[in-house]
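A.B. asks: I'd like to ask you about the structure that follows.
The values are calculated or read from the model by the stated rules, or taken from the named source; none is laboratory data. Bear in mind the structure is a predicted one, so any value in this text is a computation, not a measurement. Reconstructed Cβ throughout: ideal geometry from the backbone, glycine too, with neighbour counts over all protein chains shown. Please note that ligands, DNA and RNA were not included when accessible areas were found on the heavy atoms of the full protein model with its side chains. Shrake-Rupley method; radii C 1.70, N 1.55, O 1.52, S 1.80 Å.
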Amino acid sequence: QGTRDHPPSHVVLRDRLLAAVVACFKRHGAAAIDTPVLELRETLMGKYGEDTKLIYELQDQGGELLALRYDLTVPFARYLAMNKITNIKRYHIAKVYRRDNPAMTRGRYREFYQCDFDIAGQFDPMLPDAECVKITHEILSDLQLGDFLIKVNDRRILNGVFAVCGIPDSKFIPTCSSMDKLDKIPWEEVRSEMVGEKGLSPEAADRIGEYVQLHGGLDLIERLLQDPKLSQNKLAKEGLGDMKLLLEYLSLFGITGKISFDLSLARGLDYYTGVIFEAVLLQQNDHVEEPISVGSVAGGGRYDGLVGMFDPKGRKVPCVGVSIGIERIFSILEQRVKASGEKVRTTETQVLVVTPHKHLLGARLKLISELWDAGIKAEMLYKKDPKLLKQLQYCEDTGIPLAAIVGEQELTDGVVKLRDVAKREEVRM
């Protein structure tokens, strides 16, 4: 449950999608890495907030407690610490595993691909962070998925908001996990979860509500910097300063039209320490003035403390990264192709070697071998004496553009007849 087989038409579509994403990562100077699908159980535990329960644990195999990787970020941090790497720009595309309740139609699975881009190293504030947001913008624009919005926030601003609203430190992460649901359920339901399940006082929840329903741009940041309570909080002030810088850089990139500073954005993972962002697709709705979100398709943020957790001396490596929700995007593109009736070509064969009459199998095998040796993608039918019509029909069915025909006459003249299948025109060569 929650996994699926991909027929050739899916794989072609997915490869096309991944090629576009990889091209963007390479354009920004990233190198590829790979890590094992198995990690030690202790590597993964305690890094994902409430979602730790979704980790696939494996039974003791030869003295090691193992688990399947839950994302590509924690293995990346472990890789940096183990290899003492303090500076790298990397991308990683691989499958991850979550013991989630699958919702196949919405692109939610237990086994799925993630596409991650991360910048690790000590740099001036917000430059790598701005580039991660820009990459998200580039990929979503390239894929032409329709209108989207990239929400940005900062964990320090959130922590500052929680602090001035009277939430104890011990309740920060549970409160974040509740807030993370704000894009799916209305504030009233989130509030009752905070009070009922997370044990916040109704007053504290109401105070949070005043902040988390705010969203805007630089004007909102200026307003919060003047806020009598927040401006007194050291963490919130730092976060707001960096957020201002981030929006200034994004403005230089010319993409602020798609950016919203949104105080409700929490991203429920434990390891974020600074900027967090999430891209959502928007759908125009006739009944509502504002477009509605149809789900997150990318997310990321800064996690400066994660590498230090794996380093014996606790040495920290600042990191920021983005993960593209390739399965969600794939589901959307798949539905689009289905609706358009477009026929996806599943092979790249350039030419079918064809014989028009009997006893010419030898000629076919000789010619196809020459084509293969020359690096040409070629096929033939696995029948000794196939009918000419059947061979040409195969070209039409599979989208092979050319047929190389060798008959008695062609063999005598030492030529091949090349047929353009779509135009039904022939030339002798």
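A.B. asks: Which condition number in (1) at pLDDT 95 or above; (2) under 39 Å from the mean Cα position of the chain (by Cα); (3) assigned to a loop (DSSP other than H, G, I, E, B) is the one that Ala422 fails?
C.D. replies: Every condition holds for Ala422 apart from (1).
A.B. asks: In segment 339-375, how many are more than 41 Å from the chain's Cα centre (by Cα), exposed (fewer than 12 other Cβ atoms within 10 Å of the Cβ) and among the small types (Gly, Ala, Ser)?
C.D. replies: 1
A.B. asks: Going residue by residue through segment 389-402, is there one that turns out to be open to solvent by less than 30 Å² (accessible area, probe 1.4 Å) and over 19 Å from Met429 (Cβ atoms)?
C.D. replies: Looking through segment 389-402, none of the residues is open to solvent by less than 30 Å² (accessible area, probe 1.4 Å) and over 19 Å from Met429 (Cβ atoms).
So that you can scan it fast, the table gives a plain yes or no per residue for (1) within 30 Å of Ala19 (Cα to Cα); (2) free of Cβ contacts under 8 Å to residues at least 40 places away in the same chain:
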site: Leu140; (1), (2): yes, no
site: Cys176; (1), (2): no, no
site: Ile185; (1), (2): no, yes
site: Glu188; (1), (2): no, yes
site: Glu203; (1), (2): no, yes
site: Gln232; (1), (2): no, no
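A.B. asks: Suppose we filter segment 219-259 for residues that are among the small types (Gly, Ala, Ser), crowded, with 18+ Cβ neighbours inside 10 Å and more than 30 Å from Ser141 (Cβ to Cβ); how many remain?
C.D. replies: Qualifying residue count, segment 219-259: 1.
A.B. asks: Only one of (1) in contact with a helix residue (DSSP H, G or I) (Cβ under 6 Å, 6 or more places away or on another chain); (2) surrounded by fewer than 18 Cβ atoms within 10 Å (Cβ to Cβ) fails for Ala378. Which number is that?
C.D. replies: That leaves (2) as the condition not met.
A.B. asks: From the set of residues in segment 46-69 that are free of Cβ contacts under 8 Å to residues at least 60 places away in the same chain and surrounded by 15 or more Cβ atoms within 10 Å (Cβ to Cβ), which is nearest to the chain's Cα centre (by Cα)?
C.D. replies: It comes out as Arg69.
A.B. asks: Next up: Name the residue that is surrounded by the most Cβ atoms within 10 Å (Cβ to Cβ), counting only residues in segment 70-116 that are among the small types (Gly, Ala, Ser) and in contact (Cβ under 8 Å) with a residue 12 or more places away in the chain.
C.D. replies: Among those that are among the small types (Gly, Ala, Ser) and in contact (Cβ under 8 Å) with a residue 12 or more places away in the chain, it is Ala77.
A.B. asks: On to the next question. Can you tell me which condition Glu426 does not meet? The list is (1) in contact with a Lys or Arg (Cβ under 8 Å, 6 or more places away or on another chain); (2) open to solvent by less than 80 Å² (accessible area, probe 1.4 Å); (3) charged (D, E, K, R), and all the others hold.
C.D. replies: So Glu426 meets the others, but not (2).
A.B. asks: State whether one or more residues within segment 67-81 are part of a loop (DSSP other than H, G, I, E, B) and farther than 25 Å from Ser177 by Cβ.
C.D. replies: Taking every residue of segment 67-81 in turn, none turns out to be part of a loop (DSSP other than H, G, I, E, B) and farther than 25 Å from Ser177 by Cβ.
A.B. asks: Would you check which residues across segment 174-218 are buried (at least 18 other Cβ atoms within 10 Å of the Cβ) and of a type in the set (A, V, I, L, M) and list them?
C.D. replies: Correct list: Met179, Leu182, Val190, Met194, Leu200, Ala204, Ala205, Ile208, Val212.
A.B. asks: Can you confirm whether Asp51 is assigned to a loop (DSSP other than H, G, I, E, B) and among the charged types (D, E, K, R)?
C.D. replies: Judged against the criteria, Asp51 is not a match.
A.B. asks: Only helices (runs of 4 or more DSSP H) wholly contained in segment 311-404 count here; list those with 3 or more residues that are at pLDDT 95 or above and not assigned by the TED database to the domain that holds Phe117.
C.D. replies: The helices (runs of 4 or more DSSP H) meeting that bar are 361-373, 388-398.
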